[in-house]
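*Asks:* Pasting in a structure now, in structure tokens, and then I'll have a few things to ask.
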Amino acid sequence: MSYKPIFTFLPAWLSINSLVGSWITLIILILTYHNPAADLRFPDQLLYGGFSKEFATQLVGGFSLLFVLGMGVWTFILPRLRRTTVMFIGLSGLATCIGALTIINGMAENPESLTGTPGIVVLALMPWIALGVLLLSGFTPAALTQLAALSEILPGKRGSVMGLYSVVLGVGQLLGAFIGGSFVDIGGFYGLMIFSALSGLLSLISVFYMRMQGHDLLRS
């Protein structure tokens, strides 16, 4: 029974790392897919192709920096909240990002055709994506704190339990790049959003179960 809190937490951590792995590996490739092949393959998808490598790298780098800064802020907030509460907030941030990016993706066929009202909508949604990233960044320190607490229930295997943090992180990102790539191949940027939503849903189920069982109340 002492292993149960660990096994019920792993799907949440694996899902989030699969999501992060797919985004890190695939988004720049998707954004910079060359036109007109991108428009021929997935027409009416703004975020599939047409962006320069410099712009795509700066955009992704900016949001990655925001994620890291958000993690730092969450380390001060986390002790005041239940860990699953922070995870739920993180997943709400993921939902915000998915919703905003999905809307933006349908605003135009390529960056050159983004003018008028669609351009205004894209600019208006950018702060929502930033907010979603900041909220999502809380999931990582909450997961680390949860694993630290779980390691206390197995005193002789604390190193092994904490090692799961890195192992699942690596495996999750590898699976995310592979499986997420298949979704992109089928549906373009929308495919990536569908994969992200499914990953978020699996993580939500895992976190909800943890909450109901009180696994997040364990103290390190």
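*Asks:* If the chain between Tyr3 and Leu66 were fully stretched, how many nm would it gain, using 0.36 nm times the residue separation less the Cα-Cα distance?
*Replies:* 19.2 nm
*Asks:* Estimate the FRET efficiency between Ile179 and Leu131 by the formula 1/(1 + (r/R0)^6), using the beta-carbon distance for r and 25 Å for R0, to the nearest 0.05.
*Replies:* Here the calculated transfer efficiency is 0.40.
*Asks:* Subtracting the Cα-Cα distance from 0.36 nm times the residue separation, let me have the gained length for Leu81 to Ile103 in nm, one decimal.
*Replies:* Going from the current span to full extension adds 4.7 nm.
*Asks:* Could you give the length gained by full extension between Leu198 and Thr117, i.e. 0.36 nm per residue of separation minus their alpha carbon distance, to one decimal place?
*Replies:* Net length gain for the segment: 26.1 nm.
*Asks:* Okay, moving on. Can you pull the one-decimal nm distance between simple spin-label points at Leu217 and Asn35, each 7 Å off the Cα toward Cβ?
*Replies:* In this crude label model, Leu217 to Asn35 measures out at 5.6 nm.
*Asks:* Return Asp216, Asp185, Asp39, Asp44 ranked ascending by Cβ neighbour count within 10 Å, so the fewest neighbours appear first.
*Replies:* Ascending number of Cβ neighbours within 10 Å: Asp185, Asp44, Asp39, Asp216.
*Asks:* Normalised radius of gyration for the chain, please: alpha carbon Rg relative to 2.2 N^0.38 Å, two decimal places.
*Replies:* 1.09
*Asks:* Under a 10 Å cutoff between Cα atoms, tell me which one of Val168, Val133, Val121 has the largest fluctuation in the Gaussian network model of the chain.
*Replies:* Of Val168, Val133, Val121, the Gaussian network model singles out Val121 as fluctuating most.
*Asks:* Which value, in debye to the nearest 20, describes the size of the charge dipole of the chain about its Cα centre when Lys and Arg Cβ atoms bear +1, Asp and Glu Cβ atoms bear -1, and nothing else is charged?
*Replies:* So the magnitude is around 1060 debye.
*Asks:* Name the residue farthest towards the positive end of the dipole of region 42-166 from the options Thr96, Ala142, Gly62, assuming +1 on Cβ of Lys and Arg, -1 on Cβ of Asp and Glu, about the Cα centre.
*Replies:* Working it through, the farthest residue towards the positive pole turns out to be Ala142.
A short reminder: the numbers here are calculations on the coordinates, not readings from a lab. As the structure is a computational prediction, the values presented were derived from the model and not from experiment. FYI the Cβ positions are ideal-geometry reconstructions off the backbone, even for glycines, and counts take in every protein chain you see.
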